[in-house]
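Quick notes on the structure that follows.
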Amino acid sequence: MELLYSSTRNKEDKITASKAVLQGLAPDGGLYVPERIPAFDKSLEELSKMDYREVAFEVMKLLLTDYTEEELKYCIEHAYDEKFDVEEIAPLAKTKSAFYLELFHGKTIAFKDMALSILPYLMTTAAKKNNVKDEIVILTATSGDTGKAALAGFADVPGTRIVVFYPKNGVSRIQELQMVTQKGANTKVVGINGNFDEAQTGVKKMFSDEAMKKELAGKGFRFSSANSINIGRLVPQVVYYVYAYTRLLAEGEIKDGEAINIVVPTGNFGNILAAFYARAMGLPVAKLVCASNENKVLYDFFKTGVYDRNREFMLTSSPSMDILISSNLERLIYKIAGESADKNNEFMKSLRETGKYEITDDMKKELDVFYGNYASEEETFAKIKSLYDECGYVIDTHTAVAGAVYDKYLKETGDTETKAVIASTASPYKFSRSVMNAIDAGKYDGLDDFDIIDELEKVSNVKIPQAVSELKSAPVLHDTVCDVDKMPEVVMEFLK
Ligand SMILES: *Cc1c(COP(=O)(O)O)cnc(C)c1O
C-alpha cells in the first residue's frame, strides 16, 4: 500500500516519498511526516539473519513505498559499501552496563554518514522518477558534523550542488578542517558570524524566499535540504536501531520480543525520532532516553511540558548538540497533538513569536516512553574517564553525554535489567582534544591537534581513521566567511 507524506502544518497536501525527499522542507515551512507508520512485515527473528544492507531494504521499502525494489537496492548498495571501514557497517561494542552502537564507521567518522551516504542516491533517483531536470542545490546549516557528511555525500554527484553554512567559531578544529578541505567543483563551504541556530534560521529563510526561488528556477536550479528535516535523512536512521536489536537477538543477548532501552545524545531530535519511529513500527523498546548537554531545552521540555528556547546559548565540548531549536521535535509535537496540523501550527507560531510553547496534559501523557536528562561538561568528561578506566574503551564527548545520562537513568530508576543500546555518534578522533583532556587533564595542553591524535591512538589502541590522517596534508579550499544576512548573496554568487 502506498504511503504518502504530508506537512506537519497542512494535512491536506499529500505527496509521495520521493517528492518529499526532493522537497526537503514543505512549502508551508512544515516537515513531511508519513500519514501512518507501517508495521514490519518480517519477524525480528527473520531480520536477525540479514546483513545491514538487507535490513536497510526491509525497513526502507515500508517507508519509501514509491521507490521500486531495484531503485532502493541500487541506493542501498552504493551507500553502504567499502566507504565504511567495517563489514557490519554499525557494530555494537559491549561494555559492563550497555552496548555502544558505533555509528561512526563511515567517511566522516560521525553518525551523520549513516544517512548522508544514501541521501544523494535517494535524491537523484527521486529527480529521475519525477522528471526533474533542474540542478538540485543542497543548502545545509551545520553544527559541525552534518556539513562534512553532506559534502562527502554530494561532492561531484552529477546534477547537484551543495552549500554548507557553519558557525565560524562554533565547531572543533578537526570539524572545520574536514569541511574547508572538501574537494568537488559543486561544493561551497561558508563560515558565518553567528551560532548554529542562526545558520539554520538563515537557511530556512532561503527555503521560503519565493523571490529567490523564482529567480533560481529561471536559471535551472531548485533547492533541497540535506538537514535532518528531510525524510531522506530520517528513514535511513530508523534502520540501525532495528539492526542493533536484531544483532542482540542473533548473539543471544536478548530474547525475541524482549524490550530494550535506547539512549541517544540529542541535538536536533532527528536521531532519537528515528528510534521513536522504529518503535512505532514494532521494535520492542521500553524507554527512549533523550540525552542533552548543557543546552538542556529538551530535558526541561520532558520535565515540564514547556519548550522554551529563551536562554543562554552554551558552547560545549559536544558542539553537534549545541542547539536550542530542535527542528525534528515538530514531528513529535504533531504526532502527540493527534496529528493535528492546526494545533501544531499554533505551537510553532508561538515558538516563532515568543520562543516558547506549552503542550497540554493529554499530550504530555503521550511522552511517557521518553526519559529526558542532561549531562554537565564535568559529568561528560567524568564519563569518558570512568569508562576508559573500567575497560579501555574510549568514547567521544557526544556519546559521553549519552553515557552519563544513562548512568543517571539507572541511578534514578534502578532499571538495570533492561538491556540498553547507546547511540555512539562520533569517533573519539573527531574530538581528540576534549577526549584526551578528559582522560588526563592538562597533560596534553601544549600539543597541537595532530600530536594529540597520535596520543589518542596510543591510549585507545584504535587505528587513526583515514578521514583524520589525510587532513594533515589536505589543502584548504574554502575560506568564505559572512554575516547571517549575507547568506542569500553568497548562494547567488556561487550559482552564477
Ligand atoms: C548531529 C549529532 C548529534 C545530534 O543528533 P540529532 O539527530 O541532531 O539529535 C549527536 N552527536 C553527534 C556526533 C552529531 O553529529
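A few remarks follow.
- Test: residue in segment 320-331 that is modelled with pLDDT of 95 or more, more than 12 Å from the ligand (Cβ to nearest atom) and open to solvent by 30 Å² or more (accessible area, probe 1.4 Å): no
- Residues that are under 13 Å from the mean Cα position of the chain (by Cα) and either part of a helix (DSSP H, G or I) or more than 12 Å from the ligand (Cβ to nearest atom) (or both) were ranked within segment 105-117; the one that is nearest to LEU139 (Cα to Cα) is LEU116.
- Checking each residue in segment 94-110 for being of a type in the set (Phe, Trp, Tyr) and open to solvent by less than 20 Å² (accessible area, probe 1.4 Å) picks out PHE99, TYR100.
- Elements of the type helices (runs of 4 or more DSSP H) sitting completely within segment 38-84 and holding at least 1 residues that are at pLDDT 95 or above, open to solvent by less than 10 Å² (accessible area, probe 1.4 Å) and β-branched (Val, Ile, Thr): these cover 52-63, 69-79.
- Every condition in (1) under 15 Å from ALA423 (Cα atoms); (2) part of a helix (DSSP H, G or I); (3) more than 16 Å from the ligand (Cβ to nearest atom) holds for ALA278 except the one numbered (3).
- For LYS335, the stated conditions do not hold, so it cannot be described as part of a strand (DSSP E or B) and either of a type in the set (Phe, Trp, Tyr) or closer than 24 Å to TYR241 by Cβ (or both).
- Condition met for TYR444 (surrounded by fewer than 22 Cβ atoms within 10 Å (Cβ to Cβ) and outside any helix (DSSP H, G or I)): yes
- Residue in segment 302-324 that is part of a helix (DSSP H, G or I), out of contact with any Phe, Trp or Tyr (no Cβ under 8 Å at 6 or more places or on another chain) and of a type in the set (D, E, K, R) present: yes
- Of the residues contained in segment 245-256, one or more are found to be aromatic (Phe, Trp, Tyr) and either closer than 22 Å to SER117 by Cα or out of contact with any Gly (no Cβ under 9 Å at 6 or more places or on another chain) (or both).
- In segment 388-403, the residue that is surrounded by the fewest Cβ atoms within 10 Å (Cβ to Cβ) out of those that are assigned to a helix (DSSP H, G or I) and touching a strand residue (DSSP E or B) at 6+ places or on another chain (Cβ under 9 Å) is GLY403.
- Note on segment 118-135: residues that are closer than 16 Å to MET60 by Cβ and either among the acidic types (Asp, Glu) or within 16 Å of the ligand (Cβ to nearest atom) (or both) total 2.
- None of ASP308, ASP368, ASP361 is acidic (Asp, Glu) and crowded, with 16+ Cβ neighbours inside 10 Å except ASP308.
- Qualifying residue in segment 299-309 (condition: touching a residue at least 60 places away in the same chain (Cβ under 8 Å) and within 13 Å of the ligand (Cβ to nearest atom)): no
- When segment 130-177 is filtered for residues that are assigned to a loop (DSSP other than H, G, I, E, B), open to solvent by less than 10 Å² (accessible area, probe 1.4 Å) and not small (Gly, Ala, Ser), only THR142 remains.
- Residue within segment 414-429 that is within 16 Å of the ligand (Cβ to nearest atom) and in a helix (DSSP H, G or I) present: yes
- For segment 453-485, residues that are part of a helix (DSSP H, G or I) and modelled with pLDDT of 95 or more total 10.
- Checking the stated criteria, ALA438 turns out to be farther than 30 Å from PRO284 by Cα and within 16 Å of the ligand (Cβ to nearest atom).
- Residue check, SER6 at pLDDT 95 or above, on the phi < 0 side of the Ramachandran plot, assigned to a helix (DSSP H, G or I) and open to solvent by less than 10 Å² (accessible area, probe 1.4 Å): no
- Residue match in segment 40-54 (condition: within 23 Å of ASN344 (Cα to Cα) and in contact with a helix residue (DSSP H, G or I) (Cβ under 9 Å, 6 or more places away or on another chain)): no
- The residues listed here are TYR334, TYR406, TYR374; of these, the one that is within 14 Å of the ligand (Cβ to nearest atom), over 24 Å from GLY147 (Cα atoms) and either under 20 Å from the mean Cα position of the chain (by Cα) or buried (at least 20 other Cβ atoms within 10 Å of the Cβ) (or both) is TYR374.
The values are calculated or read from the model by the stated rules, or taken from the named source; none is laboratory data. Owing to the predicted nature of the structure, the values given are computational and were not obtained by experimental measurement. Virtual Cβ from ideal backbone geometry, glycine too; neighbours counted across all protein chains shown. The accessibility values were calculated without ligands, DNA or RNA, using every heavy atom of the protein model including side chains. Shrake-Rupley method; radii C 1.70, N 1.55, O 1.52, S 1.80 Å.
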